[in-house]
């Protein structure tokens with residue numbers, strides 16, 4: 001996706017306790033609200049006063065909270081199949097959280113099929129889904145697999161997005177919402193609601209499931225390019 005973004009500096013923020021930083025999340029608050037606070041501090045550390053914030057899934061919740069917390073920092077917003085309002089945690093995650101004491105004891109080889117099925121369900125591109133599964137599984141296999149996953153899902157608090165939901169309409173910025181219309185995790189109605197609250201154009205990816213940035217990177221890049229162009233136009 002990043003190579004498709006035209007004429008803009010692109011930086012990727014890794015949430016603490018996820019991917020390569022899984023070990024650093026142990027014993028620390030890795031909730032979505034805490035990640036948003038870290039994102040703003042990260043921008044401070046990089047000397048970035050304003051940025052177009054782009055987020056998918058949990059990252060979409062992170063950038064919503066960051067934008068509402070510090071609206072002057074957010075020049076524009078792009079959301080894709082993002083958690084929002086009370087759309088999350090999804091039923092399968094709630095079930096795994098309820099059974100967390102059992103799940104976290106599963107050896108990696110036993111947990112992998114469950115993880116793989118979860119990833120596959122979010123892809124409409126089967127080949128891309130297989131590649132995604134292998135990429136995402138790597139850090140889990142290296143840093144604890146099931147215990148790491150359970151630690152992540154135990155941190156999920158619906159209250160984090162509900163707390164800022166009524167402030168989303170107060171954001172007056174260029175925004176786009178891109179949604180896989182066949183997403184079984186984050187239903188299209190939540191994307192439609194976000195688009196209304198943000199007065200944003202909604203791009204429906206027909207047949208697209210949850211992992212739109214991986215299966216349909218061009219749609220996300222186009223939305224980012226549109227927002228960047230609008231930000232520059234507003235600055236004159």
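Residues being over 15 Å from residue 153 (Cβ atoms) and in contact (Cβ under 8 Å) with a residue 40 or more places away in the chain: count how many of those fall in the range 106-130.
Going residue by residue through the range 106-130, those that are over 15 Å from residue 153 (Cβ atoms) are 107-110, 112-113, 116-117, 120-130.
Adding the requirement that they be in contact (Cβ under 8 Å) with a residue 40 or more places away in the chain leaves 121-125, 128-129.
Residues in the range 106-130 being over 15 Å from residue 153 (Cβ atoms) and in contact (Cβ under 8 Å) with a residue 40 or more places away in the chain: 7 in total.
Restricting to the range 53-68, and then to whatever is in a strand (DSSP E or B) and closer than 13 Å to residue 81 by Cβ, can you tell me which residue is farthest from the chain's Cα centre (by Cα)?
Step one: list which residues in the range 53-68 are in a strand (DSSP E or B), which gives 53-57.
Still in the list and also closer than 13 Å to residue 81 by Cβ: 54-57.
On the way: 54: 8, 55: 5, 56: 3, 57: 3 Å.
Looking at residues that are in a strand (DSSP E or B) and closer than 13 Å to residue 81 by Cβ, I get 54.
Any idea how many residues of the range 135-183 are part of a helix (DSSP H, G or I) and farther than 14 Å from residue 108 by Cβ? First the steps, then the outcome.
First, pick out the residues of the range 135-183 that are part of a helix (DSSP H, G or I): 135-142, 146-154, 159-162, 165-170.
Now narrow it down to the ones that are farther than 14 Å from residue 108 by Cβ: 135, 151-154, 159-162, 165-170.
Here the count works out to 15.
Six or more apart or on different chains, Cβ under 8 Å: which pairs go from a residue in the range 69-98 that's on the phi > 0 side of the Ramachandran plot and outside any helix (DSSP H, G or I) to one that's modelled with pLDDT of 95 or more and surrounded by fewer than 16 Cβ atoms within 10 Å (Cβ to Cβ)? Could you list them?
Here the result reads 85/162, each pair linking the range 69-98 to a residue that is modelled with pLDDT of 95 or more and surrounded by fewer than 16 Cβ atoms within 10 Å (Cβ to Cβ).
Just give me the residues in the range 17-52 being assigned to a loop (DSSP other than H, G, I, E, B) and surrounded by 17 or more Cβ atoms within 10 Å (Cβ to Cβ), in sequence order.
Initially, the range 17-52 is screened for residues assigned to a loop (DSSP other than H, G, I, E, B), giving 17-18, 26-31, 47-50.
17, 18, 30, 31 - these are the residues of the range 17-52 that are assigned to a loop (DSSP other than H, G, I, E, B) and surrounded by 17 or more Cβ atoms within 10 Å (Cβ to Cβ).
With respect to residue 60, is the statement that it is touching a strand residue (DSSP E or B) at 6+ places or on another chain (Cβ under 8 Å) and within 20 Å of residue 220 (Cβ to Cβ) true? Before you say what the answer is, go through the steps one by one.
Details: touching a strand residue (DSSP E or B) at 6+ places or on another chain (Cβ under 8 Å): yes; within 20 Å of residue 220 (Cβ to Cβ): yes.
Considered against the rule, which asks whether it is touching a strand residue (DSSP E or B) at 6+ places or on another chain (Cβ under 8 Å) and within 20 Å of residue 220 (Cβ to Cβ), residue 60 comes out as yes.
What do you reckon, is residue 120 within 24 Å of residue 206 (Cβ to Cβ) and in a helix (DSSP H, G or I)?
Values: within 24 Å of residue 206 (Cβ to Cβ): yes; in a helix (DSSP H, G or I): yes.
The answer is yes for residue 120.
Quick check: anything in the range 18-36 in contact with a helix residue (DSSP H, G or I) (Cβ under 7 Å, 6 or more places away or on another chain) and over 26 Å from residue 140 (Cα atoms)?
No: zero hits.
Just one of the numbered conditions (1) surrounded by 15 or more Cβ atoms within 10 Å (Cβ to Cβ); (2) touching a residue at least 60 places away in the same chain (Cβ under 8 Å); (3) farther than 24 Å from residue 92 by Cα is not true of residue 197; which one?
Here residue 197 meets the rest and fails (2).
May I ask you to say which residue of 33, 37 is under 14 Å from residue 152 (Cα atoms) and at pLDDT 95 or above?
Numbers: 37 fails: under 14 Å from residue 152 (Cα atoms).
Exactly one residue qualifies, and that residue is 33.
The rows are residues; the columns are (1) at pLDDT 95 or above; (2) under 16 Å from residue 144 (Cβ atoms); (3) surrounded by fewer than 12 Cβ atoms within 10 Å (Cβ to Cβ).
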residue: 96; (1), (2), (3): no, yes, no
residue: 104; (1), (2), (3): no, yes, no
residue: 118; (1), (2), (3): no, no, no
residue: 123; (1), (2), (3): yes, no, no
residue: 128; (1), (2), (3): no, no, no
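Could you look through the range 189-202, keep only residues that are more than 15 Å from the chain's Cα centre (by Cα) and part of a helix (DSSP H, G or I), and pick out the one that is nearest to residue 107 (Cα to Cα)?
Filtering the range 189-202 for residues more than 15 Å from the chain's Cα centre (by Cα) gives 189, 192-193, 195-202.
Okay, now just the ones that are also part of a helix (DSSP H, G or I), so 189, 192-193, 195-198.
Details: 189: 37, 192: 40, 193: 40, 195: 42, 196: 44, 197: 44, 198: 44 Å.
This residue is 189.
Hey, can you tell me all the residues within the range 142-158 that are surrounded by fewer than 16 Cβ atoms within 10 Å (Cβ to Cβ) and more than 20 Å from residue 83 (Cα to Cα)?
142 - this is the single residue of the range 142-158 that is surrounded by fewer than 16 Cβ atoms within 10 Å (Cβ to Cβ) and more than 20 Å from residue 83 (Cα to Cα).
The values are calculated or read from the model by the stated rules, or taken from the named source; none is laboratory data. Quick caveat: nothing in here was measured; it's all calculated off a predicted structure. As a convention, Cβ positions derive from the backbone with ideal geometry for all residues, glycine included, and neighbour counts pool all protein chains shown.
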